[in-house]
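Peer 1: Provided herewith is a single structure, encoded as structure tokens, for subsequent inquiry.
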Amino acid sequence: MTVLRTQLSGLARRPARLLLTGLAMLVASFVVYGTVLAQYSTARTVVDGLSGTPEAADVVVGSVDKPVPAPVLDRIRALPGVAEVTGRAYVGFSLRAPAGSYLTVGADPGSGPLATARLIEGAYPDAPHEVALSRRTADWFGIAVAGVAKATTDGGKPVNLTVTGVVEDGNGGAGWAYTTDRLIGALGPLPEFNQVEVRLKPGATIDQVRDVVGAAAPVETGARVRQDEATSAASGVKLIFALVGVFVAIAVAAAALVATSTFRIVFAQRMRQLALLRAVGAGRGAIVRALAVEGALTGLVSGVVGVLAAYAFGRALPAVLRASGVEVADPGTPVGPAIAVVVGCVLVTLLAVLAPAGSASRVSPLEALRAASTTGARSGIGVGRAILGGVLAAGAALLAAVLVAALPGPDARSYDPAPVLFGVVLSSTLAFFALVALGPVLLGPVLRLVGWPLRRAGALGRLAVGGVGGAPRRAAAVSVVVALGVAMISGGLIMGESLRRMADREMAAMAPADFRLSPAGDTLPAGVAERVRKRSEVTDVTTFRTAEVRIVGTEDLAVSVADLDPRKLRADRRLGAVDGSLDDLGPGRVALARYVGAHDRTRVGDTIQMAAAGRTVSLRVVATLESGPLETSAMVDPADLDRLGVPAAPTGLLANAARAGDDGRASARTALQSATGAEGLTVAVLADQRDDLNANLNALIGIAIGLMGLTVLIAVVGVGSTTALSVVERIREAGLLRALGMARGGLRAMLTAEAALYGILGSVLGLALGIPYAGLMIAGFGEGVPLELPAGQLVLTVLALTGLTALAGVLPARRAAKVSPMAAIAQDG
């Protein structure tokens, strides 16, 4: 108890040291509880916003499997306890102008608590064949209020729809219009409603509705239906937060490593005090218990402060977002998770302190007669740790070799990437823990390499390198955490860039231009291409032909081919070849989709026979594509289609908007529809597909990099706390340097350079770990994903991390520079 009281009284005298020691765990607890609050807020937002049923609906009748007959809706509306009722139904039309467009008319009241469409211009329909267009539909189709949408029902009957107004709805795309449930029946045969929503008067009950409906359709409370809809919509949210949980766990592990290193530094600074306790009779067990209690207390304070900070931030952020127009629900006050985070913080900190406490308890009582020592200055590692590190490194290398041997070859037909990807994760984990074990040994060679420019820069550089190299265990502990963050971010950048390249290649095949014109028959009407080329709103106009042919082989394969010339496409949308080059495409040559080549194991350089209309041509394969353009399976030269007897008239046209942005795209679409007139052509906006995919991919990569950045945040905190504590440990060294003539600015520069070196060391180790495993991971996906190395992004990552670690050392360096040389020299350890 005496030892424990001594340690606790020391903490009470220096509360700043306690907070500094647990800073990494404080950040980790903030991240963990912040993630919990984000999940609660997201779940509530899903329930409030992503359920399709309005909040005001007390009762919902009907389902997809059992819709509501129109007479039942009339009986519900006649109930005395019903305040409002609306039926949901939809009718589709093909528009004659603009040609090729489709319009879905839905039933909605347009106003009141049950409305999902809100009028923003004109008036809401109150007569048959009147509709209100959504804002995006009105913009895209160019139909104003009082205009007429000329349409055709699915049965081929022409209908003129008068536009009475424009509404704002929850559907993001174009092609939506609305009318009331009483009027929608006039637009086509409508025997049933998908769903009927009922708002009850005060005192009315759901049983009254059930009595009227009977067995005609299911009846549920609105709250139950909204919850079911939200649960279905939230399934993806749960999956996302499960992925977030993996990265949060990695961040907590990084915090534990930083905490272990920090405790080693703190206990080394108090080695003389611990030796005095041993000299007056304190046993090793008592010292371990006292230091463990100190660690647990550090974890408790860090956990509580982190949770409170996350709670304050989590409650303030939704209010800020709502003020800026983004509707986000409050997360509430989840007490149980808060307690769990604090308890977890205490347990993790307790585990982190055990190894340093065990080492500190073995101090000799004679140490009390010497100056304080530094465990971090020990350059070696124990035999057991060396053996463990060697075994882990050998296991990682062996598993990586097995995975390389298991990668699919060019002729692989059935390949399951899951085992290989799991093996990559396992091998990289073994490699990281090998780095943790062998870090102090590996630090020397790496430091000699990256520290060479600093040593050449002068005395300050040599002192900075010597300061880091003089405490290799401490430097390794911090650099390893930085390396983990760099490895994850570099791997994420490489995989993200590779996936983006694959997505660009796929989108070049699906959407090689902004617009595609397709004829109602087999070929484009004469003169259409010339009229389109005259419009200034469009550019890069090119026509092409598609045809059905057979590839003659062991088993004939029917495929669709196109004579689209990739050289006429914009450079950023050209098709990329998996093997070979599309630049070699010409007469007598063909580019095949991968699956076509795999059918008869055809490779680049082989010759195939292509047949159509009783004719056969021989073509040499010059490229392999992941997939052919515009849902075709091969690309040939126009001359080869002529040889196969394919008619000369084009079957399609591609064009791009002359101006970027939604306005440019909308004007180009209008120009295309105007140029095609009443030819019955379909105008497909391929650019929307490309934009949606790019937006989703950018969001995915951004989220992944942000989650990986949690580890970097912990690492930067670790560098800051390590530098701050090492300043206390090396106060006499700083005083001697000042006494020998070093200026305050020089001392600040030296210590800041040391902090930056942690970032450089970690970056080198992280890139050495992250790049090979990212390459192995991409190869494990199969041949469809190309390996891309974003050198510029990787360099920026290293520079940014070096700057952040240097910035983390600025405040401790300023503190050290303010100490008087005489006061520093007078301190005894």
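Peer 1: Pull out a ≥ b ≥ c, the square roots of the eigenvalues of the alpha-carbon gyration tensor of region 91-210, then state rounded if a/c is under 1.5, prolate if not and a/b is larger than b/c, and oblate in the remaining case.
Peer 2: Prolate is the answer for region 91-210, as a/c is 1.5 or above and a/b outweighs b/c.
Peer 1: Within the P(r) computed for region 740-803, what percentage of the Cα pairs occupies the region above 21 Å?
Peer 2: Value for region 740-803: 45 percent of Cα pairs lie more than 21 Å apart.
Peer 1: With point charges of +1 on the Cβ of Lys and Arg and -1 on the Cβ of Asp and Glu, referenced to the Cα centre of region 57-108, which listed residue (Pro69, Leu95, Val82) lies farthest in the positive direction of the dipole?
Peer 2: Of Pro69, Leu95, Val82, it is Leu95.
Peer 1: Turning to a different aspect of this structure: Please give the Cα centre distance for region 73-123 versus region 550-570, rounded to the nearest Å.
Peer 2: Using only Cα atoms, the two centres lie 46 Å from each other.
Peer 1: What order do you get for 588-596, 556-564 when each peptide is scored by the mean count of other beta carbon atoms within 10 Å, highest first?
Peer 2: Final packing ranking: 588-596, 556-564.
Peer 1: Taking region 432-538 as the region of interest, what is the percent of Cα-Cα pairs per 5 angstrom bin, listed from the shortest bin to the one with the maximum distance?
Peer 2: Going out from 0 Å in 5 Å bins, region 432-538 shows 2, 9, 11, 10, 10, 8, 6, 5, 5, 5, 5, 5, 5, 7, 5, 2, 0 percent.
Peer 1: Same structure, new question: Throw me the Rg/Rh for region 389-482, computed over C-alpha atoms with Kirkwood Rh, two decimals.
Peer 2: 1.20
Peer 1: Okay, moving on. Mind giving me the nanometre distance, one decimal, between the label points for Ala457 and Ala526, set 7 Å out from Cα along Cα→Cβ?
Peer 2: 7.6 nm
Peer 1: Quote the convex hull volume per residue of region 626-667, based on C-alpha atoms, as a whole number of Å³.
Peer 2: In region 626-667, the Cα hull volume divided by residue count equals 131 Å³.
Peer 1: Shifting gears a bit: Put a dot 7 Å past each Cα toward the Cβ at Thr153 and Asp556; how far apart are the dots in nm?
Peer 2: It is 4.4 nm.
Peer 1: A further question follows. Around Glu537, with a cut-off of 14 angstrom between Cβ atoms, what is the net charge of the other residues, counting Lys and Arg +1 and Asp and Glu -1?
Peer 2: Cβ neighbours under 14 Å give a net charge of +3.
Peer 1: What does the charge add up to near Thr221, with Lys and Arg as +1, Asp and Glu as -1, over the other residues with Cβ less than 15 Å from its Cβ?
Peer 2: Charge balance in the 15 Å sphere: -3.
Peer 1: For region 388-499, which whole percent of the accessible surface, found with a 1.4 angstrom probe, sits on carbon and sulfur atoms?
Peer 2: Ligands and nucleic acids excluded, carbon and sulfur give 74 percent.
Peer 1: Next question. What is the Cα centroid distance between region 462-526 and region 575-599, reported in whole angstrom?
Peer 2: About 26 Å separates the Cα centre of region 462-526 from the one of region 575-599.
Peer 1: Can you give me the Rg/Rh ratio for region 88-146, using Cα atoms for both radii and the Kirkwood formula for Rh?
Peer 2: Reported Rg/Rh, Kirkwood definition of Rh: 0.95.
Peer 1: What whole-number distance in Å separates the alpha-carbon centres of region 389-457 and region 616-661?
Peer 2: The distance from the Cα centre of region 389-457 to that of region 616-661 comes to 44 Å.
Peer 1: Just need log10 I(q)/I(0) for region 549-641 at q = 0.13, 0.16 Å⁻¹, Debye formula, equal scatterers on the alpha-carbon atoms, no solvent, rounded to two decimals.
Peer 2: At q = 0.13, 0.16 Å⁻¹ the computed log10 ratios are -0.36, -0.56.
Peer 1: Mind ranking Asp514, Asp637, Asp663 by accessible surface for me, highest first, 1.4 Å probe?
Peer 2: Per-residue accessible area, sorted high to low, gives Asp663, Asp637, Asp514.
Peer 1: Another question, if that's okay. So what J values fall out for region 625-630 if you push phi through Karplus, 6.51 cos²θ - 1.76 cosθ + 1.60 with θ = phi - 60°, rounded to Hz, Gly and Pro as x?
Peer 2: Each residue's phi maps through the Karplus curve to give 10, 4, 7, x, x, 6 Hz.
Peer 1: For Thr116, list long-range residues whose amide hydrogen, built 1.01 Å from N in the peptide plane, is under 5 Å from its own amide hydrogen.
Peer 2: Gly110
Peer 1: Here is a follow-up. Find the Rg to Rh ratio for region 523-572, where Rh is the Kirkwood radius over alpha-carbon pairs and Rg uses the same atoms.
Peer 2: 1.15
The values are calculated or read from the model by the stated rules, or taken from the named source; none is laboratory data. Predicted, not measured: the structure shown is a model, and the values here were computed from it. Neighbour counts are summed over all protein chains in view; Cβ atoms, including those assigned to glycine, are modelled from backbone coordinates with ideal geometry. Ligands, DNA and RNA are excluded from the accessible area calculation, which covers all protein heavy atoms including side chains. Shrake-Rupley method; radii C 1.70, N 1.55, O 1.52, S 1.80 Å.
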